[in-house]
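Heads up: the structure comes next, in structure tokens.
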Amino acid sequence: MPLRFDFLVLGGGVAGLSFALQAARHGSVAVLTKRERYEGNTQYAQGGIASVLEPTDSFEAHVQDTLVAGAGICHPDAVEVTVREGPERVRELVSLGAEFNRGASGEFDLTREGGHSARRIVHAGDITGREVQRALLAACDAQKNITFFQNTAAIDLILNQRPSPGRASRCLGTYALTESGHIEMFLGRVTVLATGGAGKVYLYTSNPDVATGDGVAMAYRAGAQIANMEFYQFHPTCLYHPEAKSFLISEALRGEGGKLRLRNGQTFMERYHSLGALAPRDVVARAIDAELKRTGDDCVFLDMTHLGRAFLTERFPNIYATCKAFNIDMAVQPIPVVPAAHYMCGGVVTDLSGRTSVAGLYAIGEVAHTGLHGANRLASNSLLEGLVFGHRAAHVTAEEVRALASLQQEPPEWDPGSAVDSDESVVVTHNWDEIRRLMWNYVGIVRTDKRLMRARRRLDLLREEIRDYYWRFKVTRDVIELRNIADVAHLIVDCASRRKESRGLHFTLDYPNTDEHHWKRDTVVSREI
């Protein structure tokens, strides 16, 4: 028997929890999380939430900073909505019990990050995401209408009919692999994708293991429009250490005066941008990549030693302790860092309420393309986006759920066909590694048409191999994730091949300049049906 809810939410980060909390006032809510409910990109967010909270700052300045970072292709309406509704969402978080750093007089201790013209980042030390998630989970636990399903991996979206030209489909929910190993049907009057990003499509990433682009891949297979996947943000500074897995060194360190240096101690960012180490992330990541290629070094160094141990341990306790655990004392020695895949600026195309091009399907947070980030996300605008659009989507879907109160559809049960247990799981492991290495080498920080062509050819073969494996053997979580990263990789290559210019996070040696005359705001793709 299917499990039925008014609101079905896939993902338990800041966007999904914000939505669930508001939606619970209007009906039953199911929140599916692929691992434990706290595991996702949100809890690893270090920097903070960008919002105008001081009279010396202004909405206009925050809007302008976002537009500049977005390299000319942000959607101005999405930027305005996010910036202007941000302060109320932050105060709402505080009312739920979120605790942020404050000054002696009780005011927010605001910090500054790259690309911002003012101190406007509210933070909880260097574990802001963890504190936001804690507060939202506690608030959700107090709502009797919200049910969590942990260790439950969505496989595919359920449609009322197969999409075809001239015949629109409606999303009814998802098939999901549950913790018990059974495949269940979860149905919702509306389905909300809040599945986060896809950093694991690349070999090196700041993202946790769950970030396999599930929402984008499922939406694409269901016929939804996808846009701007060429704009994948590489964070300039991840800890470079053989035993450190995906540990991010926050941009806030540079915001507080950190200096990027080469192995010989020389600074270099002033040669690439007037803001030096505070340049937007795409500029800093490309500069580091260029210097590593020029020098042959394995990493560059982020120097915080001039700021003193007392300040560092108070402002960055988690980063300080983690570095110390790897025998790096950031008070007396620079931190070795390298760029890594960090944030997906494209995603499932939505309007300002989270609606996708598939009826009944919404997308919020990193999985969505609202137009806020343009060609490059401004630091600390991501948690803000999740809060704002989670709230906006909840308001609109409440009306949709009321209108569909009498609708009861009976989609087909999951059909395993003749699938059997796999006796060749090495195929999954090998293809997983190959896709991630291929993407890093051919579709990374700097691209060329030839590299993209090579990536496309190899991905076509891999996706066919994965499709064959998927249909022949019983579904496992590893197979679900492999299938999804293959589809996301295909979308990144497809979008990157279509943009014949360098802009923001998409830099190609074949078109090194920004095309100011024939540029397009969005690279939109969808599955052929």
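Measuring against 19 Å, Cα to Cα, the residue pairs Lys500/Lys520; Lys200/Lys245; Lys450/Lys500; Lys245/Lys324; Lys200/Lys474 contain Lys200/Lys474 as the ones spanning a longer distance. Computed from Cα atoms, the angle from the helix 382-403 axis to the main principal axis of the chain rounds to 20 degrees.
At most 16 other Cβ atoms within 10 Å and a DSSP loop assignment: could you name the GluC sites (Glu not before Pro) in the range 150-240 that fit?
Sparse-neighbourhood loop GluC sites (Glu not before Pro): Glu179.
Of the beta bridges in the chain, as assigned by DSSP with both residues counted there, near 60 percent are antiparallel.
The string of couplings for the range 291-296 from the Karplus curve (6.51, -1.76, 1.60, θ = phi - 60°) is 5, 5, 5, 5, 8, x Hz, one whole number per residue in order, with x for Gly and Pro. When the surface is traced with a 1.4 Å probe over the full set of protein chains, Leu67 keeps roughly 50 Å² accessible. Between the listed residues Phe507, Ser497, Ser526, the Cα displaced farthest toward the positive end of the dipole of the range 469-529, a dipole computed from Cβ unit charges relative to the Cα centre, is found at Ser526. Largest first, the residues Arg4, Arg402, Arg37 sort by 1.4 Å accessible area into Arg402, Arg4, Arg37. Normalised per residue, the accessible area of the chain is 39 Å², obtained with a 1.4 Å probe and no contribution from ligands, DNA or RNA.
Sorting Lys450, Lys144 by solvent-accessible area of protein heavy atoms yields Lys144, Lys450, largest first, with a 1.4 Å probe. Measuring only protein heavy atoms, the 1.4 Å probe finds Ser274 accessible over about 120 Å². Look at the dipole of the chain built from charges on Cβ: of Ala135, Leu262, Val90, the Cα furthest out on the positive end belongs to Leu262.
As I understand it, the dipole of the range 1-62 uses +1 on the Cβ of Lys and Arg and -1 on the Cβ of Asp and Glu, about the Cα centre. Which of Ala45, Leu8, Ala20 lies farthest toward its positive end? It is Leu8, whose Cα lies furthest towards the positive end. Once the Cα atoms are used to define both axes, helix 477-498 deviates from the longest principal axis of the chain by about 70 degrees. Only the Cβ atoms of Lys and Arg (+1) and of Asp and Glu (-1) were treated as charged; on that basis the dipole of the chain about its Cα centre amounts to roughly 600 debye. Using heavy atoms of the protein chains and a probe of 1.4 Å, the accessible area assigned to His241 is about 50 Å².
The values are calculated or read from the model by the stated rules, or taken from the named source; none is laboratory data. Fair warning: this is a prediction, and the values are worked out from it, not measured in the lab. In this analysis, Cβ positions are derived from the backbone assuming ideal geometry, glycine residues included, and neighbour counts consider all displayed protein chains. Side chains are part of the model used for accessible areas, which takes the heavy atoms of the whole protein and leaves out ligands, DNA and RNA. Shrake-Rupley method; radii C 1.70, N 1.55, O 1.52, S 1.80 Å.
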